[in-house]
Amino acid sequence: MKIFIDSADLDEIRDVAAMGVVDGVTTNPSLVAKTGKPLKEVIVSICEIVEGPISAEVIATDYDGIVKEGRALAKLHENIVVKVPLIPEGLKAVRTLASDGIQTNVTLCFNATQALLAAKAGATYISPFVGRIDDIGGDGMDLIEQIVDIYENYDLETEVLTASIRHPLHVVQAAMLGAHVATIPHKVIHQVLKHPLTDSGLERFLADAKKIPS
Ligand code: G3P
């Protein structure tokens with residue numbers, strides 16, 4: 001499974017990129033707004049840090065606007081993936097962008113039939129939001145299982161990008177279900193790495209190392 005970081009914060013991205021564990025980056029308007037910087041500046045800086053797919057989301061919601069914004073974003077860097085909302089105008093735009101050779105990430109997916117249609121439109125990635133489904137009492141990972149099965153049944157090439165990840169168990173479950181990608185917030189990447197036995201084991205090794213004669 002590929003690991004992306006779900007962030008627009010350059011320090012967070014540099015931190016995990018330095019570990020060599022990050023294959024790509026996803027952003028959204030909420031994450032970019034937190035940086036206080038213009039979208040294009042943030043996206044170009046991210047492309048300089050991580051060599052891999054970088055999702056940048058359009059703001060337009062009409063076909064012409066999405067295609068125009070998507071083409072402009074794609075010109076910023078060869079690794080840009082245009083993130084498009086899962087609405088009828090969005091899927092029309094995905095079809096056009098795909099025929100231009102532009103990669104797309106169809107976002108805000110909350111059911112399997114939405115995912116099926118996004119794949120048929122030519123999406124490169126589909127982003128089911130597992131955490132937001134859990135938030136309203138559903139089971140986000142059930143949706144990942146359904147989409148992975150449906151895509152496999154029909155040899156659809158769209159990659160399942162598990163989004164809205166809230167905790168390490170989501171990462172384990174996404175990997176066990178065969179999701180192609182998990183996009184993980186910086187905090188959760190560090191939670192994944194953390195284990196009390198690793199910390200106490202290291203503490204003991206360091207204490208014992210002091211007893212080794214030089
Ligand atoms: O980037 C899309 C997604 O990962 C958002 O997550 O935590 O805002 O539901 P969240």
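Regarding region 82-102, can at least one residue be identified that is in a loop (DSSP other than H, G, I, E, B) and within 14 Å of the chain's Cα centre (by Cα)? Scanning region 82-102 turns up no residue that is in a loop (DSSP other than H, G, I, E, B) and within 14 Å of the chain's Cα centre (by Cα). Of the residues making up region 52-62, none is modelled with pLDDT of 95 or more, surrounded by fewer than 18 Cβ atoms within 10 Å (Cβ to Cβ) and in a helix (DSSP H, G or I). Is it true that some residue in region 189-196 is under 13 Å from the mean Cα position of the chain (by Cα), in contact (Cβ under 8 Å) with a residue 60 or more places away in the chain and open to solvent by 50 Å² or more (accessible area, probe 1.4 Å)? Scanning region 189-196, I find no residue that is under 13 Å from the mean Cα position of the chain (by Cα), in contact (Cβ under 8 Å) with a residue 60 or more places away in the chain and open to solvent by 50 Å² or more (accessible area, probe 1.4 Å), so the answer is no.
Kindly evaluate Ile147 against the criterion of being open to solvent by less than 40 Å² (accessible area, probe 1.4 Å), within 16 Å of the ligand (Cβ to nearest atom) and in contact (Cβ under 8 Å) with a residue 60 or more places away in the chain. For Ile147, the condition - open to solvent by less than 40 Å² (accessible area, probe 1.4 Å), within 16 Å of the ligand (Cβ to nearest atom) and in contact (Cβ under 8 Å) with a residue 60 or more places away in the chain - is not met. May I ask you to list the residues in region 79-94 that are surrounded by fewer than 17 Cβ atoms within 10 Å (Cβ to Cβ) and touching a residue at least 24 places away in the same chain (Cβ under 8 Å)? Within region 79-94, just Ile87 meets the criteria. Here Leu117 qualifies as farther than 25 Å from Asp9 by Cα and aliphatic (A, V, I, L, M). Residue check: is Asp134 at pLDDT 95 or above, within 15 Å of the ligand (Cβ to nearest atom) and either in contact with a Gly (Cβ under 8 Å, 6 or more places away or on another chain) or in a helix (DSSP H, G or I) (or both)? The answer is yes for Asp134.
A quick yes/no check of all residues on (1) open to solvent by less than 60 Å² (accessible area, probe 1.4 Å); (2) more than 15 Å from the ligand (Cβ to nearest atom); (3) touching a strand residue (DSSP E or B) at 6+ places or on another chain (Cβ under 9 Å); (4) closer than 19 Å to His170 by Cα:
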position	(1), (2), (3), (4)
Ile3	yes, no, yes, yes
Ala8	yes, no, yes, no
Asp11	no, yes, no, no
Ala18	no, yes, no, no
Val25	yes, no, yes, yes
Lys34	no, no, no, no
Leu39	yes, no, yes, no
Val42	yes, no, yes, no
Cys47	yes, yes, yes, no
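More than 16 Å from the ligand (Cβ to nearest atom) and touching a residue at least 60 places away in the same chain (Cβ under 8 Å) - does that describe any residue in region 167-177? Yes, region 167-177 contains a residue that is more than 16 Å from the ligand (Cβ to nearest atom) and touching a residue at least 60 places away in the same chain (Cβ under 8 Å).
The values are calculated or read from the model by the stated rules, or taken from the named source; none is laboratory data. Here the structure is a predicted model, which is why all the values come from computation and not from measurement. Here Cβ is always computed from backbone atoms with ideal geometry, including for glycine, and neighbour counts include all displayed protein chains. Ligands, DNA and RNA are excluded from the accessible area calculation, which covers all protein heavy atoms including side chains. Shrake-Rupley method; radii C 1.70, N 1.55, O 1.52, S 1.80 Å.
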